[in-house]
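What follows draws every value from the coordinates through simple rules; no lab data is involved. Not measured: the values here are computed from a predicted model. Cβ: placed from backbone, ideal geometry, glycine included. Neighbour counts: every protein chain shown.
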Amino acid sequence: MRLTHIALVAALTVSASVNAQKFEGLALTPTMGWNSWNTFACDIDENLVRETADLFVKLGLKDAGYEYVVIDDCWMEMERDPQTMKLVADHKKFPSGIKALADYIHKKGLKFGIYNCAGTKTCAGYPGTRGYEFLDARQYAEWGVDFLKYDWCDHSTQDARASYSIMRDAIYAAGRPMVFNICEWGDAQSWEWGGNVGHSWRVSGDIARCWDCQENYGGWAKLGLWPIIRLRGDIRKYHGPDHWNDFDMLEVGNGMSPAEDRTHFVMWSMLASPLILGNDIRKMSKETLELITNKEVIAVDQDKLGVMGFCFLNDKGFEVWVKPLDNNEWAVAFVNMTEQKRTLNYDWNRYVKDSLTNRELKCGETTYKLRDLLAKKDAGDTSKALVREVESHDVVVFRLSPVKK
Ligand code: GLA
């Protein structure tokens with residue numbers, strides 16, 4: 001009797017530890033997709049989501065690598081079902097139900113993502129998951145959810161790591177692989193513990209559509225591109241395949257200048273952040289479409305080495321960012337941080353060392369072929385200085401490939 005008891009306890013311990021894991025390998029490169037929040041906030045419905053999925057295919061976004069179509073906050077009714085306590089999709093916004101929407105998206109060869117929150121209520125006041133983790137995860141699995149963004153509003157004194165770990169376990173127990181996007185804004189340094197819990201974690205509060213601003217909303221603030229980038233220069237070591245620093249959803253196509261949009265997209269790729277579009281893709285300009293489907297820039301983001309780039313030099317108003325790539329290649333971006341057009345005059349013959357990977361870029365010893373990624377053109381090699389006119393807040397970015405002797 002006693003032995004059986006011990007065996008049972010042992011079996012339970014084993015199964016508990018087996019369940020304490022995330023689904024591995026779902027984000028070997030940073031996740032790419034679209035999320036409703038940045039443009040639509042609560043104004044979402046199934047037609048918008050279906051049209052977006054249709055356009056993923058029609059406009060070549062799917063072909064460029066975008067895969068996840070994600071609905072953010074406000075998809076639910078204000079209360080759970082009083083009998084089953086299950087979450088209920090808003091009947092007016094999603095009359096066909098979430099399962100039908102997920103099926104539609106899957107038929108296009110895409111994946112479907114949803115949002116909830118570790119606290120009692122979501123940030124927009126809808127039912128949060130606290131206390132219902134296993135029920136909600138089973139519900140998402142039944143609906144065919146492939147991605148969960150999990151927010152941090154209304155969490156009272158909850159412990160972040162414990163709260164996110166419970167949801168990880170609930171997803172695992174529900175048995176359907178889902179990318180788990182931790183969205184606790186870096187308040188509890190999620191990069192320090194997130195690698196075993198989720199596939200990516202937000203490093204900041206919400207993004208604002210601006211170069212270098214901060215928009216204050218009482219107790220919290222939205223940050224522009226550079227405040228977000230500057231906030232977390234020191235978390236490169238936590239970042240890599242299946243566990244990414246997430247610099248927030250993109251604001252490309254949402255009102256910044258074309259130059260700023262280019263820099264935004266290139267920088268998110270240099271940082272190897274998830275690339276989650278946040279614009280209305282039904283109405284975007286040709287220029288926006290061309291930028292977000294630029295496969296050569298996307299390849300920098302998706303490089304399988306998975307290293308986050310870093311600022312190597314601030315040179316007369318230009319920031320020089322470098323990112324080691326697989327195959328002894330590098331990406332190098334020059335951003336004009338000033339308010340005027342400037343001439344970049346860059347001598348490649350410098351020594352760059354990435355202290356994280358110990359990779360060295362020595363253009364004095366090895367000549368690298370240059371590929372201009374935004375112009376999609378070869379651009380000579382590193383034996384000559386680079387001279388370029390660069391507009392204010394604009395960027396030029398190159399892939400450097402060693403020339404074989
Ligand atoms: C938080 C998140 C945003 C968005 C909203 C929804 O602010 O950080 O990305 O999901 O909640 O209410």
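Here are the numbers for this structure:
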read-out	value
The stretch 161-188: number of residues that are in contact with a helix residue (DSSP H, G or I) (Cβ under 8 Å, 6 or more places away or on another chain), within 16 Å of the ligand (Cβ to nearest atom) and not hydrophobic (A, V, I, L, M, F, W, C)	4
Tally of residues being surrounded by fewer than 24 Cβ atoms within 10 Å (Cβ to Cβ) and of a type in the set (Ser, Thr, Tyr) across the stretch 113-134	4
Qualifying positions in the stretch 135-160 - within 16 Å of the ligand (Cβ to nearest atom), surrounded by fewer than 20 Cβ atoms within 10 Å (Cβ to Cβ) and assigned to a helix (DSSP H, G or I)	none
Test: residue in the stretch 116-125 that is touching a helix residue (DSSP H, G or I) at 6+ places or on another chain (Cβ under 6 Å) and under 21 Å from Pro274 (Cβ atoms)	yes
Inter-residue pairs, beta-carbon under 7 Å, first on the phi > 0 side of the Ramachandran plot and in the stretch 46-73, second among the polar types (S, T, N, Q), 6+ apart	Gly60/Thr293; Gly65/Gln302
Residues that are more than 29 Å from the chain's Cα centre (by Cα) and surrounded by fewer than 18 Cβ atoms within 10 Å (Cβ to Cβ), drawn from the stretch 316-356	Lys316, Gln340, Lys341, Thr343, Asn345, Asp347, Asn349, Arg350, Tyr351
First in the stretch 23-44 and over 17 Å from Ile298 (Cβ atoms), second anywhere and among the polar types (S, T, N, Q), Cβ under 8 Å, 6 or more apart	Asn38/Asn254; Asn38/Asn279; Thr39/Asn254; Thr39/Asn279; Ile44/Ser36
Yes/no for Tyr104 being within 15 Å of the ligand (Cβ to nearest atom) and either not in a helix (DSSP H, G or I) or not charged (D, E, K, R) (or both)	no
Filtered residue count, the stretch 170-193, keeping only those that are buried (at least 19 other Cβ atoms within 10 Å of the Cβ), in contact (Cβ under 8 Å) with a residue 60 or more places away in the chain and not hydrophobic (A, V, I, L, M, F, W, C)	3
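Conditions (1) under 21 Å from Val297 (Cβ atoms); (2) in contact (Cβ under 8 Å) with a residue 24 or more places away in the chain, marked per residue:
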site: Thr338; (1), (2): no, yes
site: Tyr351; (1), (2): no, no
site: Gly364; (1), (2): no, no
site: Leu370; (1), (2): yes, yes
site: Leu374; (1), (2): yes, yes
site: Ala379; (1), (2): yes, no
site: His393; (1), (2): yes, yes
site: Arg399; (1), (2): yes, yes
site: Pro402; (1), (2): yes, yes
